[in-house]
Amino acid sequence: MPAVRPIHPDFQLLLDLKSGPLIGLFNDTRAFILELYPDSIELVYHTHALTSVFSTSEKLADAFCMLPIYSNHFNLGFNKGTLLKDPHKLLTGTGNLIRHIDITKKTDYRNPKVKALVKEAITFSLKDREKTPQQMGITISKIKAR
């Protein structure tokens, strides 16, 4: 297995403030996503949640999934979840587009059903994006300096 891309220092500083179990789940889920699409462009944000967004371009509109970490919980979100096939009814939520899977343990995402869902989201994003990015496999911080 290739080495996982380093976490952006802006993000790591805030991630270190979270609880140990949430950090461990985030790190492993991030590795899982990067294993499935190493060329993803990771956009990191700190708004209502500390969030790592995975996209097929530099644009948030081309994102296929996200990993928001809240105070006491964590999930794997799908930016266009309502447009994905979900035969196993894994996705929850009530938004117009976004759906998610609650993550409390590795088996919540490290399984063939979630792997297929992530791959479908990647394929959807690749087909839907307008142009190919100039750089791939990078992390871009959108975190405002304090």
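The values are calculated or read from the model by the stated rules, or taken from the named source; none is laboratory data. These figures come from a predicted structure and were not determined experimentally. Every residue, glycine as well, gets a Cβ built from its backbone with ideal geometry; the counts of neighbours run over all protein chains shown.
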Checklist entry - Here are some residues: LEU90, LEU76. Which one is under 19 Å from SER40 (Cα atoms) and either in contact (Cβ under 8 Å) with a residue 24 or more places away in the chain or among the polar types (S, T, N, Q) (or both)? => result LEU76
Checklist entry - Considering only the range 72-91, how many residues are surrounded by fewer than 17 Cβ atoms within 10 Å (Cβ to Cβ) and out of contact with any helix residue (DSSP H, G or I) (no Cβ under 9 Å at 6 or more places or on another chain)? => result 2
Checklist entry - For the range 1-45, what are the residues that are in contact (Cβ under 8 Å) with a residue 60 or more places away in the chain, within 15 Å of PHE74 (Cβ to Cβ) and more than 14 Å from the chain's Cα centre (by Cα)? => result LEU14
Checklist outcome for this item: Matching residues in the range 7-29 (surrounded by fewer than 19 Cβ atoms within 10 Å (Cβ to Cβ), in contact with an Asp or Glu (Cβ under 9 Å, 6 or more places away or on another chain) and not aliphatic (A, V, I, L, M)) number 0
Checklist entry - Can you tell me which residue in the range 116-146 is farthest from SER52 (Cα to Cα), limited to those that are at pLDDT 95 or above and hydroxyl-bearing (Ser, Thr, Tyr)? => result THR123
Checklist outcome for this item: When the range 11-40 is checked residue by residue, the ones that are within 22 Å of ALA116 (Cβ to Cβ) and not in a helix (DSSP H, G or I) are TYR37, PRO38, ASP39, SER40
Item to check | Among (1) at pLDDT 95 or above; (2) under 24 Å from LYS144 (Cα atoms); (3) surrounded by fewer than 18 Cβ atoms within 10 Å (Cβ to Cβ) - the single one LYS113 does not satisfy | outcome: (2)
Checklist outcome for this item: Subset of the range 30-65, residues surrounded by fewer than 21 Cβ atoms within 10 Å (Cβ to Cβ) and among the β-branched types (Val, Ile, Thr), comes to THR47, THR51
Item to check | Qualifying residue in the range 117-132 (condition: surrounded by 13 or more Cβ atoms within 10 Å (Cβ to Cβ) and closer than 25 Å to PRO9 by Cα) | outcome: no
Checklist entry - Given PRO38, PRO2, PRO68, which one is at pLDDT 95 or above, out of contact with any Lys or Arg (no Cβ under 9 Å at 6 or more places or on another chain) and within 30 Å of LYS131 (Cβ to Cβ)? => result PRO68
Checklist entry - Cβ-Cβ below 9 Å, separation at least six or inter-chain, first residue in the range 108-127 and in contact (Cβ under 8 Å) with a residue 40 or more places away in the chain, second of a type in the set (Asp, Glu): which pairs? => result TYR109/ASP28; ARG110/ASP28; SER125/ASP62; LEU126/ASP62
Checklist entry - Which one of these does LYS106 not meet: (1) among the basic types (Lys, Arg); (2) under 20 Å from HIS46 (Cα atoms); (3) out of contact with any Phe, Trp or Tyr (no Cβ under 6 Å at 6 or more places or on another chain)? => result (2)
